[in-house]
Amino acid sequence: MKKLTFPYTEKEHRIFGKITRPVVTLAFFSERFGKWLEVGQILADTGGGFSVEIVQQSPRRR
């Protein structure tokens with residue numbers, strides 16, 4: 001199994017002090033726009049995986 005590492009962002013929390021969170025940038029290919037779209041600052045779930053829900057939109061009525 002391939003090992004992945006994620007960069008961490010640091011934030012100050014008023015109760016817990018400095019906290020670090022693993023974040024990733026994901027890219028999705030959009031057939032509608034014909035290009036790759038990036039979504040940044042996604043929290044990486046270090047105990048599991050990513051869940052992505054794909055929603056099919058019906059054509060717009062004019």
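The values are calculated or read from the model by the stated rules, or taken from the named source; none is laboratory data. Being a predicted model, the structure only gives us computed values, none of them experimental. Every residue, glycine among them, receives a Cβ derived from its backbone with ideal geometry; neighbour counts consider all protein chains shown.
Just need a number here: residues in region 29-45 that are touching a strand residue (DSSP E or B) at 6+ places or on another chain (Cβ under 9 Å) and either surrounded by 11 or more Cβ atoms within 10 Å (Cβ to Cβ) or not aromatic (Phe, Trp, Tyr) (or both).
11
Within region 27-51, the set of residues being outside any strand (DSSP E or B) and either farther than 15 Å from residue 8 by Cα or modelled with pLDDT of 80 or more (or both) comprises 31, 32, 33, 34, 47, 48, 49, 50, 51. Applying the selection to region 11-26, what residues are of a type in the set (Ser, Thr, Tyr) and either touching a Cys at 6+ places or on another chain (Cβ under 6 Å) or modelled with pLDDT under 85 (or both)? Those that are of a type in the set (Ser, Thr, Tyr) and either touching a Cys at 6+ places or on another chain (Cβ under 6 Å) or modelled with pLDDT under 85 (or both): none in region 11-26.
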